[in-house]
1. Go through the range 258-269 residue by residue and turn each phi into a ³J(HN,Hα) via Karplus (6.51, -1.76, 1.60, θ = phi - 60°); whole Hz please, and just put x for glycine and proline.
2. Project the alpha carbons of the range 135-202 onto their principal axes and report the range along each, largest first, in whole Å.
3. Can you pull the one-decimal nm distance between simple spin-label points at Glu452 and Gln114, each 7 Å off the Cα toward Cβ?
4. Over 20 Å between Cα atoms, which of Lys169/Lys272; Lys20/Lys159; Lys305/Lys332; Lys174/Lys266; Lys16/Lys50; Lys16/Lys169 qualify?
5. Could you give each residue of the range 310-327 its phi-based ³J(HN,Hα) in whole Hz, using Karplus coefficients 6.51, -1.76, 1.60 with θ = phi - 60°, and x for Gly or Pro?
6. With the contact rule set at Cα under 8 Å and sequence spacing of 6 or more, what percent relative contact order holds for the range 4-120?
7. Pop the C-beta distance of Glu187 and Glu345 into the FRET formula with R0 = 35 Å and round what comes out to the nearest 0.05.
8. By how many nm would the segment from Ile222 to Ala491 grow when fully extended, if each residue of separation counts as 0.36 nm and the alpha-carbon distance is taken off?
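What follows is calculated from the coordinates using simple rules that are stated; it is not laboratory data. Just so you know, these numbers come straight off a predicted model, no measurement behind them. Neighbour counts are summed over all protein chains in view; Cβ atoms, including those assigned to glycine, are modelled from backbone coordinates with ideal geometry.
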Amino acid sequence: MKNEFMLAFNDVLEEKQLPKEIILQAIESAMVSAYRRAVNASSAQQVEAKVDPETGHVTIYAEKEVVEDVVDDRTEVLFEQARKVNPIAQLGDMVIVETTPKDFGRVAAQTARQVIQQRIREAERNAQMSYFERQLGEIVSGVVQAVNNQAITIGLDMKAEGVMPANQKIPGEKFRVHDRIRAIIAEVKDGPRGPQIVLSRGHRNFLRRLLETEVPEIYHGIVEIRAISREPGQRAKVAVSATQAGVDPVGACVGVKGVRIQAIVKELHDEKIDIIEWSPDPVTYIQKAISPARVSGVYLTEAEKTATVVVMEDQLSLAIGRDGQNARLAAKLTNWRIDIKSVVEAASDALHRVQTQADMVAIAEAESEKVGQIADVLQKKADSRPLAPEEYTLLAQFVDRIERRVVEGQKAAQEASLGKLAELRAEIGELAFENSLEVLGLPEHVFNILTEAEYRTAGDLLLAMKASPEKVLTLPGIGAKAIQAIEKAVAEAKFEVEAPAVAEEVEIPAAVAVETPVETAVEAPAEVESEPVAVEAEVEVEAPKPTTEEEPESMSFEEMFKMRPEAVRPAEEDDPDGKKKGKKGKKSVALEFDESRGEVVGRKKHKRGDGWDDDW
């Protein structure tokens with residue numbers, strides 16, 4: 001049968017929803033605090049408490065000094081008692097012995113109650129904080145506990161409370177106490193009274209998590225959510241794509257007869273949701289994002305990241321949406337600035353550009369036959385006369401041709417600009433782009449401004465000054481004096497690179513006599529037993545005088561080794577003038593293999609008197 005301690009202990013575990021180890025640790029810590037207060041022990045003394053989870057018995061262990069006579073039993077213990085705990089203890093050693101006071105359970109229960117409660121509350125807050133930090137961005141379910149104009153208080157798991165501010169609700173929703181709702185954890189902060197959990201139903205990630213819950217293909221990664229734009233309670237657009245061939249991402253999200261999307265719409269208080277298929281082509285993507293309106297043409301200006309969308313007049317209001325909602329959501333979804341025009345408005349703008357702008361002369365000549373017809377159709381529309389379908393088609397085709405030529409002209413201009421930048425970069429030299437901005441010696445404040453503007457190297461600044469100096473001038477903090485300092489530094493900029501080291505030329509003497517006694521292993525002929533033999537060769541080489549027509553010949557030492565001494569040593573010859581040529585002074589050099597270095601080294605042999613000295 002369980003004792004009272006175990007029953008109370010299990011009640012605490014069930015009530016606080018904390019691990020068993022945390023509760024035991026809190027009780028043991030409280031027992032240590034109670035012991036210190038009971039005996040007035042020093043905080044420097046090591047004290048431990050052990051609680052038996054079966055019986056609830058508390059045992060206190062304290063660190064004490066081993067002495068012969070005890071003066072203070074709080075910090076000292078007799079030598080005989082210390083030996084029972086530690087057989088090798090000596091006088092003056094510190095040992096940990098049991099020192100549980102009498103009636104400690106009753107005293108501890110009175111003095112440690114607040115400490116235990118405080119430690120349990122701290123453990124409870126830490127557990128809540130850790131749990132909900134892991135749940136950040138996920139959907140949780142809770143019960144409404146209080147409702148006011150500022151926020152809704154919701155009871156969550158682990159006896160925690162979440163707050164949903166008014167701006168995080170879906171407009172039009174009304175909740176009452178004890179209603180069960182689902183929301184996403186948007187933020188978790190540590191507060192003085194526990195974790196502060198902020199919930200949201202208006203965040204776009206709430207829609208993302210609902211789709212993952214209702215659509216198994218999204219949860220398993222077969223269908224991927226590319227982008228979401230949402231105005232809570234009114235409308236949302238979701239772009240999806242399939243990661244496997246043969247899968248319809250839009251159909252997977254909608255479900256059979258719309259059962260999947262209808263469950264999400266009901267959860268979001270009848271919020272309209274448009275599911276579109278994502279496309280890597282911006283034109284196709286924008287065209288689908290404007291749905292349900294039918295689009296006649298999409299024309300991009302990539303430099304400004306602007307898209308001009310042309311629709312028929314009957315589709316204009318549908319494309320824009322109520323208060324511009326459809327166009328606004330499409331712009332957020334695609335991350336492009338979208339300008340929606342009717343075909344009549346677009347044709348009027350195109351005609352005006354063709355007739356007035358100088359850079360449209362070539363296009364005006366090519367469209368000279370159609371310009372008159374377009375003007376007549378626009379005048380007919382201005383007179384409030386109805387247009388035939390063929391006339392609307394004529395306007396749409398004219399707009400398409402003009403816009404496509406404009407886009408081609410922009411691409412050509414962009415390519416020309418890139419080519420100009422490449423030429424300027426080549427003119428500056430790659431060496432400038434390898435040197436940092438510090439080499440220009442700019443003033444400190446100018447250097448800091450340029451660094452913040454992402455000018456990292458001297459070449460970047462030189463390229464900007466040559467391509468568009470006004471771009472540098474528009475930087476905040478750059479004025480006339482700063483521009484003068486930059487121009488001066490750019491004009492005086494010099495970039496150098498260290499030249500590679502060049503090997504020094506060594507002068508070769510005119511005549512060199514080499515005597516090479518070498519001890520090396522030479523392979524014997526086939527009829528002779530192969531043994532290492534010592535070969536001593538005295539070589540005298542006369543180098544011819546270099547002339548402008550002929551370079552002096554050189555002979556390697558290996559070639560010298562292969563030659564017999566008789567063949568190497570030259571005989572005396574008569575010069576062309578009939579005089580005998582004497583022998584040159586000889587220098588004896590010995591070549592031998594140095595085992596420590598692993599290479600052939602040369603040593604000189606000196607001649608003393610009439611003979612050669614044996615010393616090397």
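1. Once rounded to whole Hz, the list reads x, 5, 6, 6, 5, 5, 6, 4, 5, 5, 9, 6.
2. Here the spans come out as 31, 20, 20 Å, largest first.
3. 5.3
4. Long pairs (Cα-Cα over 20 Å): Lys16/Lys50; Lys16/Lys169.
5. 10, 10, 5, 4, 6, 9, 5, 5, 5, 5, 6, x, 5, 6, x, 5, 5, 5
6. Computed value for the range 4-120: 26 percent relative contact order.
7. With a Förster radius of 35 Å, E is 0.20.
8. Result: 90.9 nm gained on full extension.
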